[in-house]
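Peer 1: What follows is a single structure, and I will ask about it in a moment.
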Amino acid sequence: MINDGKFGKYGGIFVPELLIPALEELERAFLKYKDDKKFNQELDYYLKEFAGRPTVLYYARNLSKKFGCKIYLKREDMLHTGAHKINNTLGQGLLAKYMGKKRIIAETGAGQHGIATAVVGSLLDIPVEVYMGSEDVGRQKLNVFRMELSGARVLPVKTGSRTLKDAINEAFRDWVATEDTTHYLIGSTMGPHPYPTMVKHFQSIIGRETREKILQKKNKLPDAVIACVGGGSNSLGIFSGFIDDEEVELIGVEGGGDGVETDRTGATLCKGTEGILHGSLSFVLQNYDGQISAAHSVSAGLDYPGVGPEHAHLKVTGRAKYDSITNEEALEGFELLSKYEGIIPALESSHAVAYAIKYAKIPENRGKTIVVNLSGRGDKDMFLAAREMGVKV
């Protein structure tokens with residue numbers, strides 16, 4: 001390996017020996033093409049013309065007036081496929097094409113990464129297969145149809161908790177057997193090196209745009225940047241624009257599920273302990289014997305018992321703060337943004353919205369400028385949200 005991919009002591013490479021050549025090949029390709037003029041011109045074209053970048057930084061006037069802070073929304077929900085995931089899938093998909101790979105595999109929880117991978121496979125004419133826990137297949141049926149409509153094959157995973165963790169397990173098993181011809185397109189800043197660094201690189205466009213836009217609008221940096229955290233790509237994407245600015249508070253919001261005091265939670269950084277999962281050292285939800293615990297969140301994208309290693313480093317160094325929002329609070333955020341701004345957020349993003357509202361209600365925060373990364377839109381969650389809110393549709 002050219003680089004061990006460490007963030008402090010977190011990260012690294014903890015995989016079967018059979019995967020080391022594939023990871024080395026991927027790292028070499030990433031380092032070669034990330035600064036390559038032709039590669040970046042092509043990627044920039046697709047980000048603008050296909051995905052719809054740049055996205056706007058929207059002042060949520062009604063929400064701001066109601067809660068006493070200046071709340072801005074980074075509208076990643078306006079991208080093609082409905083979430084920030086397309087930034088990374090375009091980057092990795094193009095990298096797979098330049099590497100000469102004939103097949104792409106991916107994992108997905110909420111389905112947004114699966115859709116983004118499927119459409120990129122269609123765009124670049126590379127076959128795509130997506131592993132998805134059967135539990136998530138059931139609660140995200142619309143996204144399954146969208147993936148299949150875009151030409152991808154969806155492979156339900158019926159082992160373990162039948163959610164994102166198990167989908168990742170199956171994707172790694174596949175990659176071990178097919179790495180010569182296959183690229184595993186991981187959707188978040190987790191996994192073995194070089195994935196955490198590479199995914200952050202492709203998502204850092206969120207932070208660059210946000211920084212530029214807020215300086216244009218306010219002529220100063222925000223007081224706080226808030227984003228939901230599952231594996232960690234949307235949050236690291238926006239945090240990356242402000243990590244060196246100590247005066248900007250960085251806040252990651254995890255899926256609290258039924259509460260961090262219960263066993264039904266996805267709040268890895270709030271409740272978890274150090275451990276190894278899916279190829280890297282980070283924080284994980286595990287029992288005293290080191291067995292990975294089942295995570296729970298109303299949002300499938302936050303229903304993961306691990307987190308990217310850079311988030312672990314940001315937590316222990318104190319550069320970022322991490323908190324959790326329960327299912328009930330997230331649904332309230334979902335409803336409030338829809339009611340006051342006419343913007344229906346993904347349930348993942350609803351966690352960040354709900355936390356921003358709690359933050360704004362603290363008296364000493366009154367008048368502060370907050371940026372919330374609205375990482376995805378809520379179309380995919382309408383039936384689930386209606387059911388949770390007791391509405392028949």
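Peer 1: Could you run through segment 82-100 and say how many residues are touching a His at 6+ places or on another chain (Cβ under 9 Å), surrounded by 22 or more Cβ atoms within 10 Å (Cβ to Cβ) and not small (G, A, S)?
Peer 2: Adding up the residues that qualify gives 6.
Peer 1: Just a yes or no: is a residue in segment 336-343 open to solvent by 20 Å² or more (accessible area, probe 1.4 Å), touching a Gly at 6+ places or on another chain (Cβ under 8 Å) and more than 30 Å from I276 (Cα to Cα)?
Peer 2: yes
Peer 1: Continuing with this model, one more query. List every residue pair whose Cβ atoms sit under 6 Å apart, with the two residues 6 or more apart in sequence or on different chains, where the first one lies in segment 13-27 and is in contact (Cβ under 8 Å) with a residue 12 or more places away in the chain and the second, anywhere, is open to solvent by 70 Å² or more (accessible area, probe 1.4 Å) and of a type outside the set (F, W, Y).
Peer 2: Close Cβ pairs (under 6 Å, with a partner that is open to solvent by 70 Å² or more (accessible area, probe 1.4 Å) and of a type outside the set (F, W, Y)) amount to F14/I276; E27/I2.
Peer 1: Contact list please: Cβ distance under 8 Å, first residue in segment 38-58 and farther than 11 Å from E76 by Cβ, second residue small (G, A, S) and surrounded by 16 or more Cβ atoms within 10 Å (Cβ to Cβ), pairs at least six apart or on different chains.
Peer 2: L43/G91
Peer 1: May I ask you to verify whether E27 is open to solvent by less than 80 Å² (accessible area, probe 1.4 Å), over 17 Å from T197 (Cα atoms) and either among the small types (G, A, S) or under 24 Å from the mean Cα position of the chain (by Cα) (or both)?
Peer 2: In short, no.
Peer 1: Another question, then. Which residue pairs have Cβ atoms under 7 Å apart, sit 6 or more places apart or on different chains, and have a first residue in segment 122-150 that is in a helix (DSSP H, G or I) and a second that is of a type outside the set (F, W, Y) and surrounded by fewer than 15 Cβ atoms within 10 Å (Cβ to Cβ)?
Peer 2: If the second residue must be of a type outside the set (F, W, Y) and surrounded by fewer than 15 Cβ atoms within 10 Å (Cβ to Cβ), the pairs left are S122/G151; S134/K158.
Peer 1: Looking only at strands (runs of 3 or more DSSP E) that fall completely inside segment 175-262, which ones have 3 or more residues that are within 14 Å of the chain's Cα centre (by Cα)?
Peer 2: Filter on segment 175-262 gives 224-229, 249-257.
Peer 1: Here is a check on your reading of the model: is D381 among the acidic types (D, E), touching a residue at least 40 places away in the same chain (Cβ under 8 Å) and buried (at least 20 other Cβ atoms within 10 Å of the Cβ)?
Peer 2: So D381 passes the test.
Peer 1: Then there is this: Examine segment 102-116 for a residue that is outside any helix (DSSP H, G or I), crowded, with 24+ Cβ neighbours inside 10 Å and in contact with a Pro (Cβ under 9 Å, 6 or more places away or on another chain), and state whether such a residue exists.
Peer 2: Yes, that holds for at least one residue.
Peer 1: Test K70 against the stated conditions and say whether it is of a type outside the set (G, A, S) and either more than 23 Å from P196 (Cβ to Cβ) or free of Cβ contacts under 8 Å to residues at least 40 places away in the same chain (or both).
Peer 2: Criteria met by K70.
Peer 1: Being closer than 20 Å to A118 by Cα, crowded, with 18+ Cβ neighbours inside 10 Å and among the β-branched types (V, I, T) is true for just one of T197, T182, T210. Which residue is that?
Peer 2: Within the list T197, T182, T210, the selection yields T182.
Peer 1: Now, a different point. Starting from segment 247-272, take each residue that is touching a residue at least 12 places away in the same chain (Cβ under 8 Å) and list its partners that are of a type in the set (S, T, Y) and surrounded by fewer than 24 Cβ atoms within 10 Å (Cβ to Cβ), counting only C-beta distances under 7 angstrom and pairs at least six apart or across chains.
Peer 2: G252/Y322; E254/Y322; G256/T326; G257/T326; D258/T326; G259/T326; L269/Y322; C270/Y322
Peer 1: Right, another one. Condition first: in a loop (DSSP other than H, G, I, E, B) and buried (at least 24 other Cβ atoms within 10 Å of the Cβ). Now tell me which residues in segment 295-333 satisfy that.
Peer 2: A295, S297, V298, S299, D303, Y304, P305, G306, V307, G308
Peer 1: Being at pLDDT 95 or above and open to solvent by 70 Å² or more (accessible area, probe 1.4 Å) narrows it down to one residue among L149, L142; which is it?
Peer 2: L149
Peer 1: Here's a follow-up. Out of segment 365-378, which residues are open to solvent by less than 80 Å² (accessible area, probe 1.4 Å) and in a loop (DSSP other than H, G, I, E, B)?
Peer 2: Across segment 365-378, the qualifying residues are G367, K368, S375.
Peer 1: Follow-up. Looking only at segment 30-54, filter to residues that are in contact with a helix residue (DSSP H, G or I) (Cβ under 7 Å, 6 or more places away or on another chain) and of a type in the set (A, V, I, L, M, F, W, C); which one of those is most open to solvent (accessible area, probe 1.4 Å)?
Peer 2: F50
The values are calculated or read from the model by the stated rules, or taken from the named source; none is laboratory data. Since the model is a prediction, treat every value here as computed from it, not as a measurement. Positions of Cβ are backbone-derived with ideal geometry, glycine not excepted, and every protein chain shown enters the neighbour counts. Note: areas computed on protein heavy atoms with side chains; ligands, DNA, RNA excluded. Shrake-Rupley method; radii C 1.70, N 1.55, O 1.52, S 1.80 Å.
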